[in-house]
Amino acid sequence: MVQKIRTLVSKGFAFIYVYLLHKKKRIKHVNNKKILIIFGGHIGNAILNMDLLLETKRLFSKEDGWEICVLCNKRLRKVCETIADMSEYSFLDVPYPYEGGGTRFFETYNTIKKMRNLEFEKIIVNVAHIMPLAAYIVATVNSNCSIGVFDDIDHDSIKAKRDIEHNIGNLRWYFERAYTDKIYVPFNLHEMKRQQLIIRRIGGESYKTRIYPIKKLCDYSPIDEPYVTISLDSASAQRIWEPEKFATIVNLIHDKYDYSVCFTGGETANPLYSEAIKHIENSERTYNLIGKTSFDQWIELLRKSSFHISVDSGSIHVAASVGTQSFCLIGAWNGTRPLPYVIDAPSPETVEPLCIGQAGINELPCYGCVPLKGLMGADNDECRMRVNNGESALCLSKIQPEELFEVIESWVETKHKDQAVI
């Protein structure tokens with residue numbers, strides 16, 4: 001409780017600090033041919049929004065005198081530089097914390113201190129609807145145009161209030177009004193379509209959504225026999241499926257197929273693996289590669305996998321980008337914002353994930369709980385209790401291993417039929 005109060009006070013001071021700077025800011029026309037892209041999120045966001053970065057290079061070319069600056073955290077920068085050519089972009093040496101919104105006072109102060117004296121012709125925010133620190137930057141940094149996509153929960157209400165309040169009424173979204181170009185969309189519109197709207201707003205009218213293909217990064221062969229991969233972890237505990245259920249899936253795979261199973265993910269997944277392995281019958285056909293691969297090796301591990309299983313996480317988007325079929329366990333918290341993909345230009349190099357969710361998920365009273373209410377499990381008391389106890393969301397927990405395996409069986413059968421015809 002004490003820590004929570006300290007955090008609230010810290011965020012309160014940050015808000016006041018930005019508010020005062022915003023009121024003192026002298027607005028002037030900028031003519032320096034500089035673009036700022038604020039690039040937030042995790043690995044999945046980097047892959048989903050990579051085309052946003054690459055398309056801006058075409059629209060604002062270096063040959064025409066433009067400089068595209070990118071603000072993101074160090075981890076995201078490393079991902080970007082690993083999967084694409086970033087040589088024409090200038091990454092700013094500015095701290096940009098993503099977790100928790102980055103709105104505690106010292107986080108805000110350290111970022112704004114380095115940003116407030118910079119100027120840009122355009123500021124583009126890739127995931128504005130979940131990045132309050134980006135709004136703080138927009139409010140304090142001079143630009144001619146600032147673009148972000150926001151959830152339009154109640155369009156009539158937003159119009160009546162002249163775009164003053166954010167859809168969930170959180171004070172940290174006060175500075176949404178500072179954007180000069182706000183694009184309002186349905187709360188569950190997919191990230192790719194949000195990205196497309198931004199690109200079209202800055203001149204890319206012909207842009208088509210696609211899965212970004214990741215090229216081969218290194219030579220890596222963990223085992224000689226055919227294998228499938230499973231990622232147990234996610235960015236939050238509320239999006240983690242129970243280890244016992246993953247173990248059941250492994251047993252079903254081992255009983256019917258000749259695949260070995262490689263567990264992968266970050267170090268935080270090791271406790272989950274320790275729990276899962278207790279319930280796996282043929283443990284000799286199971287390999288623990290959690291935390292044992294470099295980023296490049298992890299990409300190639302997923303590329304060579306016969307198929308991949310995970311909850312909604314970065315590994316699902318990586319699998320899609322390297323052409324490996326993935327099976328994604330997904331809940332109701334964000335609607336269809338992360339999955340399934342909405343693609344205009346399919347590619348033989350990539351493959352769309354198959355999503356498995358609780359039956360009737362769209363009809364749940366808590367559907368879209370995070371963007372609609374700002375809380376996971378809102379409107380569902382049982383789910384809120386689970387989430388408060390650090391357990392997975394109820395909609396995810398209710399998915400049974402047999403439901404997932406049925407989808408896997410159907411896909412394997414179809415694949416074998418197609419190979420027989422060829």
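The values are calculated or read from the model by the stated rules, or taken from the named source; none is laboratory data. All figures in this text were calculated on a predicted structure; none of them were measured in a lab. Cβ placement follows ideal geometry from the backbone for every residue including glycine, while neighbour counts extend to all protein chains displayed. The area values use the complete protein model at the heavy-atom level, side chains included, leaving out ligands, DNA and RNA. Shrake-Rupley method; radii C 1.70, N 1.55, O 1.52, S 1.80 Å.
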On the principal axes of its Cα set, how long, how wide and how thick is region 252-342? Give whole Å, largest value first. 39, 29, 28
Kirkwood hydrodynamic radius, region 1-59, all distinct C-alpha pairs: what's the number in Å? 15.5 Å
Would you tally the net charge around G323, using a Cβ to Cβ cut-off of less than 10 Å, leaving G323 out, and scoring K and R as +1, D and E as -1? 0
Pull up the cross-link candidates among the lysines for K24, meaning alpha carbon to alpha carbon under 18 Å and not fewer than 8 places away within one chain. K113, K114
Contour minus Cα-Cα distance for K74 and I27 (0.36 nm per residue): 13.9 nm
Sorted by packing (mean other beta-carbon atoms within 10 Å per residue), highest first, where do 313-319, 245-251 land? 313-319, 245-251
Over 12 Å, how big is the tail of the calculated P(r) for region 341-382, in percent of all Cα pairs? 70 percent
Partners for K245 among lysines (Cα-Cα distance below 23 Å; same-chain residues under 8 apart left out): K256, K278, K398
Run the quick spin-label model on D258 and K278: label points 7 Å from Cα toward the beta carbon, then report their separation in nm to one decimal. 3.4 nm
For region 1-143, with every protein chain kept in place, what is the accessible area per residue (1.4 Å probe, Å²)? 48 Å²
Under 15 Å from the Cα of K417, which aspartates and glutamates turn up, not counting those fewer than eight places away in the same chain? E409
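Ignoring ligands, DNA and RNA, please state the percent of accessible area on the chain from carbon and sulfur, probe 1.4 Å.
Details: 9700 of 19150 Å².
In the chain, the share of accessible area belonging to carbon and sulfur is 51 percent.
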Distance cut-off 32 Å, Cα to Cα: go down the list K215/K373; K23/K122; K33/K193 and report the pairs above it. K215/K373
Geometric extent, Cα atoms of the chain - Rg, Dmax (angstrom): 22.3, 70
Using θ = phi - 60° and the Karplus relation 6.51 cos²θ - 1.76 cosθ + 1.60, list the HN-Hα couplings for region 258-271 in order, rounded to whole Hz, with x at every Gly or Pro. 8, 6, 7, 10, 10, 8, 9, x, x, 4, 5, 7, 4, x
Restricting things to alpha carbons, find the Rg to Rh ratio for region 57-122 using the Kirkwood radius for Rh. 1.01
